[in-house]
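In what follows, a single structure is set out as structure tokens and then discussed.
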Amino acid sequence: MMPSTDSLKRKLRQLKKLEIGLRFRHRPAPENPDLVWDSFFSTRGQARPAVRYPLPRLSQMSREEQKQVFEEYFYWVYFRYYQENGLTADNVHDPQLLALLGLPPYAGLADIKKRFRELAKRHHPDHGGDSDKFIELMQVYEKLTGQ
């Protein structure tokens with residue numbers, strides 16, 4: 001059973017408050033903070049182009065699909081928090097770089113290595129692949145693994 005639009009709006013507003021609480025608990029929040037929430041969600045019926053999951057799209061998703069969206073969202077929130085506070089974690093990788101490899105934001109080092117090998121075989125110039133794509137792949141891999 002899918003939640004009503006009103007309960008989904010309440011949930012999204014709670015997520016926004018939670019992000020502000022998490023990211024700015026040790027320092028004052030700016031007047032107009034740059035929130036991950038703003039690029040993920042909108043509680044308006046009319047979708048903004050920059051929003052990944054507008055309310056109409058979210059309301060059509062199953063509970064399991066919504067759960068995956070919320071997990072992705074929190075991964076981004078914590079990634080941003082780590083960046084802003086100079087923290088590092090061995091198992092937290094840049095979600096944008098992971099997306100270039102076609103991996104989810106929560107992919108681990110083993111997933112990265114496996115996917116890199118698959119793509120390296122496909123794009124390696126010695127096997128008829130595109131050298132520019134191979135170079136880009138190598139750069140992404142190096143950034144993700146710190147090599």
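Laboratory data are not the source of any read-out in this text; all were calculated from the coordinates shown. This structure is a prediction, so every number in the text was calculated from the model and none was measured. Virtual Cβ from ideal backbone geometry, glycine too; neighbours counted across all protein chains shown.
Dividing the Cα radius of gyration of region 24-147 by 2.2 N^0.38 Å, with N the residue count, gives 1.28. Bridging of Lys113 to lysines at a Cα separation below 28 Å is possible for Lys67, Lys121, Lys133, Lys143, once same-chain residues fewer than 8 apart are set aside.
3J(HN,Hα) along region 95-102, derived from phi through the Karplus expression 6.51 cos²θ - 1.76 cosθ + 1.60 where θ = phi - 60°, amounts to x, 5, 5, 4, 5, 4, 8, x Hz, with x in place of Gly and Pro. For region 5-84, the spread of Cα coordinates along the three principal axes comes to 37, 24, 22 Å, biggest extent given first. Round to the nearest 10 and give me the degree value, 0 to 90, for the angle of helix 63-84's Cα axis relative to the longest principal axis of the chain. Computed tilt is about 80 degrees. Counting only Cβ charges, +1 for Lys and Arg and -1 for Asp and Glu, the dipole size of the chain around its Cα centre is about 660 debye.
Put the Cα centre of region 113-139 next to the Cα centre of region 51-71 and the gap is 33 Å. Distances over 17 Å make up what percent of all Cα-Cα pairs in region 51-108? Here the tail beyond 17 Å accounts for 45 percent of pairs.
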